[in-house]
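Worksheet: one structure, shown below.
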Amino acid sequence: MSWIDWAIVVAYLLWIVIDGIRRSKNTNKVEGYFLANRSLPWWAVGLSVMATQISAITLVGTTGQAYATGLRFVQFYFGLPIAMVILSLTVVPFFTRARVYTAYEYLERRFDVRTRTATSLLFLVGRAFSLGVTLAAPAVVISAILGWSIPTTVLLLSVPMVIYTSFGGVQAVAWTDVKQMAIIVIGLFAAIGILIFGITRDVGFAQALRLAGATGRMQAIDTRVDLTQTYTLWSGLLGGLFLSLSYFGCDQSQVQRYLTAKSIDEARHSLLLSAFVKIPFQLLILGAGVLTFLFYVFQTPPMLFNRAYDAQIAGGPHAAEYAALQHEFDAGVAVRRQAGIDENREQFLAADRKLQDIRARAVAVVKEATGDERYNDVNYVFPTFITTRLPVGLVGLMIAAIFGAAMSASSGELSALSSATIIDFYRRHFVKNADDAHYLRVSKIATLGWGLFACVVSIYAANQGSLIEVVNRYGSFFYGSILGVFILAILTKRATGTGAFWGLVAGMVVVLTVAFTTPIAFLWHNLIGAVVVVVVGLAISTYSR
Amino acid sequence: MISPPQDDHERDTPMTGTYVAVVILEATIIALLYVLGRIYS
């Protein structure tokens, strides 16, 4: 990277931190710190909600996934718009009128302190570890691409974010999210422009899309009814609906966002922004991945995008084997490129299959040579394109966008962890009658404390690839069950505190059993968890009256 | 007599048209993606 790119990244980080600290002037009370005095406009809240969902891994992982398999991941989001409509009709007016600080606060009013504490604790445990992973996963990729150590990368990602979140509270989080969202969108459009320019130097755009279609990458919709398939139209619509209902309706990191809105209407508008924009935006990210595939059909790609072990392999016993694969790969790339230009479908597909086979063999060589069984190439596709193919200035902008995505995804979680800790535990169980200044002071300490915890977890997790997978895969175990508790609270009058509590326990036991003993895809776990909690909760409520 | 102003925070207007627009947009996107997949297969 040139000094201009570095200057852009540094200037961006400084701008984010300074502006975040400037926002602390309006947060001299707990309500200002955690809820921005319920004063934010809908568009700022809506962009903040969207920015929180776009982590750095969304940018680099989703594009890599689309490079490898195409657009089908978009189905994951099909339940989101419907969920936003349902939440706008139910939860949003409910929480706003209740004037709560956390979603779980309401559960004590409706049920009892036991149910509130249990759900808030589940949120804290799940979020605390996922926050570490939200920082660790991009740190692994950025450190490999830029040649930094993992602790350095984690600290560069997390220190600015912890500073502006601790000082400025949710107001700083929301306004920095708006800026980060703008940088992400500008960077993405610029990258897509460069990709299309690179592709259309050799073929027309329609011909390029036909080539992507020939490899199956334009197939976004899978109508099969198969519970073991992770991404289908039905798992997206139904499983995704319950996941979105739970995430946006019961997760403090999202609920806290729309509690900052000026009114019920503004809170609704903020969620409906995602309902309109989320799927097109996700298609934009996935489209960038498909275009990256097409770009590398006509511009020579590296055999493997993750070059972390290049030097080790070149100097080791597998050097000759790896060099032979590279030679074979270069010849295959030329054949595929010519077949693409001639639009010879059969030859193009045969050459593409051969290249995939060579890449798989190269990955096997890397794993054998290094002993790194978790070696991953997909997440490095888009960052490699950014750092090697974009012009000076744009590289800095895109790296800043990846930093911004990592920070915006984690700052909201950090603020939510702090609010749940102080409101649901500290003020509820330990120090009940202190003044506002005291609670504000400990809130800032809690934010700093959780930030420190996240740094430690992320440095540890970054060196334990399997831990990242575990947290990502199992972190959503509780979502459906927590949603079930809120359904009991808001939509039924019969449910009791005892029913809700034991329903929650039953939901988690069933979801864990299903996850570990059946091949049912994880999106369905949300639906199963919610249904079990509601059924068991209502049954116990009936018999415990 | 002037009635007290409604609390702005409680402003809650029906948005049925917006909800219908969300559903129509989603159905259109899914249909377009399905057709796109068929055309470019």
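The values are calculated or read from the model by the stated rules, or taken from the named source; none is laboratory data. Keep in mind that what you see is a predicted model, and the values were worked out from it rather than measured. Cβ sites come from the backbone with ideal geometry, for glycine too, and all protein chains shown count toward neighbours. These area figures cover heavy atoms from the full protein model, side chains too; ligands, DNA and RNA do not enter into them. Shrake-Rupley method; radii C 1.70, N 1.55, O 1.52, S 1.80 Å.
Quick look at the numbers
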item: Karplus-derived 3J(HN,Hα), 6.51/-1.76/1.60, for each residue of the stretch A:380-394, Hz, glycine and proline x; result: 9, 5, 5, x, 5, 4, 4, 7, 10, 10, 7, x, 4, x, 6
item: Size descriptor, Kirkwood hydrodynamic radius, that averages inverse alpha-carbon separations across the stretch A:254-337, Å; result: 17.2 Å
item: Pairs of alpha carbons in the stretch A:302-411 whose separation is greater than 19 Å (percent); result: 59 percent
item: Accessible area in the full protein assembly, largest first, 1.4 Å probe, for A:I199, A:I4; result: A:I4, A:I199
item: q = 0.17, 0.22, 0.28, 0.34 Å⁻¹: log10 I(q)/I(0) that the Debye formula gives for the stretch A:364-408, counting C-alpha atoms only; result: -0.63, -0.77, -0.93, -1.13
item: Taking the stretch A:350-486 and dividing mean pair separation by its residue count, relative contact order in percent (alpha carbons under 8 Å, at least six apart); result: 16 percent
item: Value in Å of the Kirkwood radius, where the stretch A:131-184 supplies the Cα pairs that are averaged; result: 12.0 Å
item: Surface/4 of the Cα convex hull for the stretch A:340-465, nm²; result: 13.4 nm²
item: A versus B: buried accessible surface, summed, Å² (probe 1.4 Å, to nearest 100); result: 2700 Å²
item: Alpha-carbon centroid distance for the pair the stretch A:375-420 / the stretch A:281-310, whole angstrom; result: 16 Å
item: Relative compactness, the stretch A:196-310, computed as alpha-carbon Rg over 2.2 N^0.38 Å; result: 1.47
item: Accessible area of A:R114 in the full protein assembly, 1.4 Å probe (Å², nearest 10); result: 90 Å²
item: Percent of Cα pairs exceeding the 23 Å cut-off, where the set is the stretch A:90-217; result: 63 percent
item: Rounded FRET efficiency, nearest 0.05, which uses the C-beta distance separating A:D357 from A:S149 and R0 of 35 Å; result: 0.50
item: Order of exposure, largest accessible area first, which applies to A:I445, A:I487 with probe 1.4 Å; result: A:I445, A:I487
item: Sulfur and carbon atoms: percent of accessible area, chain A [1.4 Å]; result: 65 percent
item: The stretch A:101-161, relative contact order in percent, only Cα pairs under 8 angstrom and at least six apart counted; result: 20 percent
item: For the stretch B:12-27, residues shielded by at least 50 square angstrom of accessible area compared with the chain on its own, probe 1.4 Å; result: B:D12, B:M15, B:Y19, B:V22, B:E26
item: Counting all C-alpha pairs of the stretch A:145-238, share separated by more than 20 Å (%); result: 69 percent
item: Area accessible to solvent at A:V335, 1.4 Å probe radius, in Å²; result: 70 Å²
item: Heavy-atom accessible area per residue - the stretch A:219-276, 1.4 Å, Å²; result: 27 Å²
item: FRET efficiency, 1/(1 + (r/R0)^6) with R0 35 Å, evaluated for A:T223 and A:D310 via beta carbons; result: 0.25
item: Heavy atoms of A:R224 accessible to a 1.4 Å probe, total area in Å² rounded to 10; result: 120 Å²
item: Extension reserve of the A:A331-A:R494 stretch, reckoned as 0.36 nm per residue once the Cα distance is removed; result: 51.7 nm
item: Extent along principal axes [Cα atoms of the stretch A:1-40; Å; largest to smallest]; result: 44, 15, 11
item: Relative contact order for chain A, counting Cα pairs under 8 Å that sit 6 or more residues apart, in percent; result: 31 percent
item: Hydrodynamic radius by Kirkwood, which averages 1/r over all alpha carbon pairs of the stretch A:480-521, in angstrom; result: 11.0 Å
item: Residue-averaged 222 nm ellipticity for chain A, from DSSP H runs of 4+ at -39500 (n - 2.57), nearest 500; result: -25500 deg cm²/dmol
item: Quotient of Cα Rg and 2.2 N^0.38 Å for the stretch A:88-127, N being how many residues it contains; result: 1.20
item: Solvent-accessible surface ranking, highest first, for B:I39, A:I163, A:I423 at 1.4 angstrom; result: B:I39, A:I163, A:I423
item: Along principal axes, Cα extents of the stretch A:112-161, largest first, whole Å; result: 52, 18, 11
item: Computed FRET value (nearest 0.05) for A:F189 with A:N28, which takes r as the C-beta separation and R₀ as 51 Å; result: 0.85
item: Average silhouette area of the protein assembly as shown, convex hull of alpha-carbon atoms, in square nanometres; result: 29.0 nm²
item: Isotropic mean projected area of the C-alpha convex hull, the stretch A:1-131 (nm²); result: 12.0 nm²
item: Formal net charge of residues neighbouring A:L325 (Cβ-Cβ distance under 12 Å; K, R +1; D, E -1); result: -1
item: Tensor-based shape of the stretch A:243-284 (alpha-carbon gyration tensor, a/c under 1.5 rounded, otherwise prolate or oblate); result: oblate
item: Volume per residue of the C-alpha convex hull in the stretch A:396-545, rounded to whole Å³; result: 176 Å³
